[in-house]
Amino acid sequence: MDKIIVKGPARLSGEVEISPAKNAYLPILAAILLTDKKVTLTNLPKLRDINTMLKLLEMMGVECNRDGKNVTFDASSLSSHEATYELVKTMRASIFVLGPLLSRLGKAKVSLPGGCAIGTRPIDIHLDNLEKMNVKIEMKNGFVFAETDHLTGALVKLKFPSVGATENLMMAGVFADGQTIIENAAMEPEIDDLANFLNSLGAKVSGIGTSRLVIDGVKELNGGTYQAIGDRIEAATYIIGGLMTKSEMTVKNFNPKHLFNVLENLQGMGAKLEIGDNYVKTYPSSLKGSKVITEPFPGFPTDVQAQMVALLTVVEGNSLVTENIFENRFMHVPELTRLGASIEQLGSSVFIEGGRPLTAAPVMCTDLRASAALVLAALCAYGETKIDRVYHLQRGYEDLPEKLQKLGAHVELVNE
Ligand code: UD1
C-alpha cells in the first residue's frame, strides 16, 4: 500500500503550480452527459476522483478519448442511466449525474452514496427540489430511482446552500421547460465555473456569483473546449505549508480572490503575503493564534479547516476552530496529537495551544483534507514521519510528493 515518508523540518522555496480544481471538474464531467456534441476538457488532473468519474461516464456509454491530460468526450451514444454502487461508494460526487441523466434520458438510477467519514451527508436537498421540477423519486434497495416525462422549471429555495445540490439542480434546469430559479444557492467559485462551462455550450444561466441563480431552459447544447479554474483548496494547502515552514515561495495558477477569507485570516495572524492576480507569495512570518469558523462561501472553507488546524498548532498563542459544515470533520486531531500538537476537541470546536514543537511519528490518513494536514505537520516535525493510507490524499492532490520535492522538501512516495 502506498505511504508517504516526510523528513522534517523542511524549508521550501521556488514555485508550485496549482492544478485545475477537482471540485470544479467533477460536476463539469457530469455535465458532459447533457450534450450529444463533442466536448474537450483540458489539463484534467490525474486524481482518483477524476478517474472514478471518467469510469462512470464510460460505463454509461460516453466515449472518452484521451490525449495526455486533455480528454474529448462524445456522449451522443449515452446508453445507460445507472450509476452503480461500486463506483458511487468510492466517490459521493457520483450523485452529480442525477440532474444530467434526468435532463437527457428522463430517468436515472443512482446508488445512494451513504455517509462518509466526515459526516452523514444526506442528499435530501437534491431530491426534494428535483421533485419540485416534476421528477418522481423512489428509494429502493439502496438506489434512488428518478423519473420524469419532462423537467419543468420551478422556484426552489434551498434550506441550506448545498454545493452539490445547487450544481445538480442547475444541470437539471438546463433543458427544463421555462425558468428554474435557485434561491439560497451555494456561491462557491466551482459553481460559477460550472455555470460558465454550461453557458459556453449554449445554456442560459444567470445570477452567477450570487445566491439567486436563474436558469432559462434551452432546447439543445453545443460542444466546446473548456478548462476548469485553479484549485483554491490545493492553493490554500501550499500557502499554509509555506507559512508553516517559514518559506519564501510562490503558489501560482489560481485566483486569490477565491481564497479571500483564508488570506484575510492568515494576514490577521501576521502572515506576510504578496497577493497577485493569479498567485500568492509567502514570506517567513511570525504568526499568532486565530479564531476560525467554517462557513459556506464566502466564509472560511471547511476544506481548508484541517490544514489551518495544522498551522495553528505551530504558531504562538492559542486558537479556536469551529467546524460548522460537517459534523465529524476533526479526524486529523488525534493524528496531529501523535505528532506532539496540543489540541482539545469540545463538540464542534477545537481549542489549540500553539507553539509546541512537532516530532515525527507514524500517522494515518482518514480523509482527503485531513491527509493534507498531516503532510503539512510532517514538514514541520523533527524526524521521519510515515503517513499511511495516502489513497485519501491521491483523491484530490495531484502529484503532491513531486510538487513538494520540487520545492525542496524530502518527501517520498513508497509502496510497502
Ligand atoms: C462539496 C465539496 C466538498 C466540500 C463541500 C462543502 C465537491 C465535489 N465537494 O461537497 O469538498 O467540503 O462542498 O464546501 O464539490 N447536506 C444535506 N443535504 C443535502 C446536501 C447536503 O444535509 O442534500 C449537508 C451535508 O451533509 C453537509 C452540508 O450540507 O453537512 C454541506 O454539504 P454540500 O455543500 O452539499 O457539500 P458537497 O456538495 O457534498
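The values are calculated or read from the model by the stated rules, or taken from the named source; none is laboratory data. All of these numbers come straight from a predicted model, not from anything done at the bench. Every residue, glycine among them, receives a Cβ derived from its backbone with ideal geometry; neighbour counts consider all protein chains shown.
In the set (1) surrounded by 21 or more Cβ atoms within 10 Å (Cβ to Cβ); (2) of a type outside the set (Ser, Thr, Tyr); (3) within 14 Å of the ligand (Cβ to nearest atom), Val135 fails one condition alone, (3). Return a yes/no flag: does region 181-203 have any residue that is of a type outside the set (D, E, K, R), surrounded by fewer than 16 Cβ atoms within 10 Å (Cβ to Cβ) and part of a strand (DSSP E or B). Checked against the condition, which is being of a type outside the set (D, E, K, R), surrounded by fewer than 16 Cβ atoms within 10 Å (Cβ to Cβ) and part of a strand (DSSP E or B), region 181-203 yields no hits at all.
All of (1) among the hydrophobic types (A, V, I, L, M, F, W, C); (2) closer than 21 Å to Gly61 by Cβ; (3) away from the ligand (no atom under 16 Å from the Cβ) hold for Leu87 with one exception: (3). Among the criteria (1) farther than 27 Å from Asp367 by Cβ; (2) surrounded by fewer than 21 Cβ atoms within 10 Å (Cβ to Cβ), the one Leu33 does not fulfil is (2). Being within 11 Å of the ligand (Cβ to nearest atom), at negative phi, without any contact (Cβ under 8 Å) to a residue 12 or more places away in the chain and among the acidic types (Asp, Glu) is the requirement here; does Asp124 meet it? For Asp124, the condition - within 11 Å of the ligand (Cβ to nearest atom), at negative phi, without any contact (Cβ under 8 Å) to a residue 12 or more places away in the chain and among the acidic types (Asp, Glu) - is met. Considering region 160-180, the residues that are more than 12 Å from the ligand (Cβ to nearest atom) and either in a loop (DSSP other than H, G, I, E, B) or of a type in the set (A, V, I, L, M) (or both) include one that is farthest from Gly230 (Cα to Cα), namely Gly178.
Checking each residue in region 368-407 for being in a helix (DSSP H, G or I), within 17 Å of Leu243 (Cα to Cα) and small (Gly, Ala, Ser) picks out Ala372, Ala373, Ala377, Ala378.
Restricting attention to region 144-159, the residues being assigned to a strand (DSSP E or B) and without any contact (Cβ under 8 Å) to a residue 40 or more places away in the chain number 5. Just so you know, in region 377-405 the residues that are among the polar types (S, T, N, Q) and within 25 Å of Gly230 (Cβ to Cβ) include one that is surrounded by the fewest Cβ atoms within 10 Å (Cβ to Cβ), and it is Gln405. Tell me yes or no: at least one residue of region 311-320 is surrounded by 17 or more Cβ atoms within 10 Å (Cβ to Cβ), in contact (Cβ under 8 Å) with a residue 24 or more places away in the chain, within 16 Å of the ligand (Cβ to nearest atom) and not aromatic (Phe, Trp, Tyr). No, every residue in region 311-320 fails to be surrounded by 17 or more Cβ atoms within 10 Å (Cβ to Cβ), in contact (Cβ under 8 Å) with a residue 24 or more places away in the chain, within 16 Å of the ligand (Cβ to nearest atom) and not aromatic (Phe, Trp, Tyr). Does region 102-117 contain any residue that is in contact with an Asp or Glu (Cβ under 9 Å, 6 or more places away or on another chain), away from the ligand (no atom under 12 Å from the Cβ) and in a helix (DSSP H, G or I)? So far as region 102-117 goes, yes, one or more of its residues are in contact with an Asp or Glu (Cβ under 9 Å, 6 or more places away or on another chain), away from the ligand (no atom under 12 Å from the Cβ) and in a helix (DSSP H, G or I). Among what's in region 280-302 and is small (Gly, Ala, Ser) and more than 13 Å from Met244 (Cα to Cα), pick the residue that is farthest from the ligand (Cβ to nearest atom). The qualifying residue farthest from the ligand (Cβ to nearest atom) is Ser290.
Conditions (1) in a helix (DSSP H, G or I); (2) of a type in the set (S, T, N, Q), marked per residue:
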site: Thr313; (1), (2): yes, yes
site: Ser319; (1), (2): no, yes
site: Glu327; (1), (2): no, no
site: Glu335; (1), (2): yes, no
site: Gln345; (1), (2): no, yes
site: Arg356; (1), (2): no, no
site: Ala361; (1), (2): no, no
site: Thr366; (1), (2): no, yes
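Within region 358-372, the only residue that satisfies the criterion of being buried (at least 22 other Cβ atoms within 10 Å of the Cβ), away from the ligand (no atom under 16 Å from the Cβ) and touching a residue at least 40 places away in the same chain (Cβ under 8 Å) is Leu358. Scanning region 129-140 for residues that are farther than 20 Å from Gly217 by Cα and touching a Leu at 6+ places or on another chain (Cβ under 9 Å) gives Ile137, Met139. Reported count of residues in region 34-55, each being under 14 Å from Val71 (Cα atoms) and part of a helix (DSSP H, G or I), is 5.
For the condition more than 22 Å from Asn23 (Cβ to Cβ), more than 21 Å from the chain's Cα centre (by Cα) and at pLDDT below 95, what is the one hit in Gly178, Gly217, Gly142, Gly223? Selected residue: Gly142, the only one of Gly178, Gly217, Gly142, Gly223 that is more than 22 Å from Asn23 (Cβ to Cβ), more than 21 Å from the chain's Cα centre (by Cα) and at pLDDT below 95.
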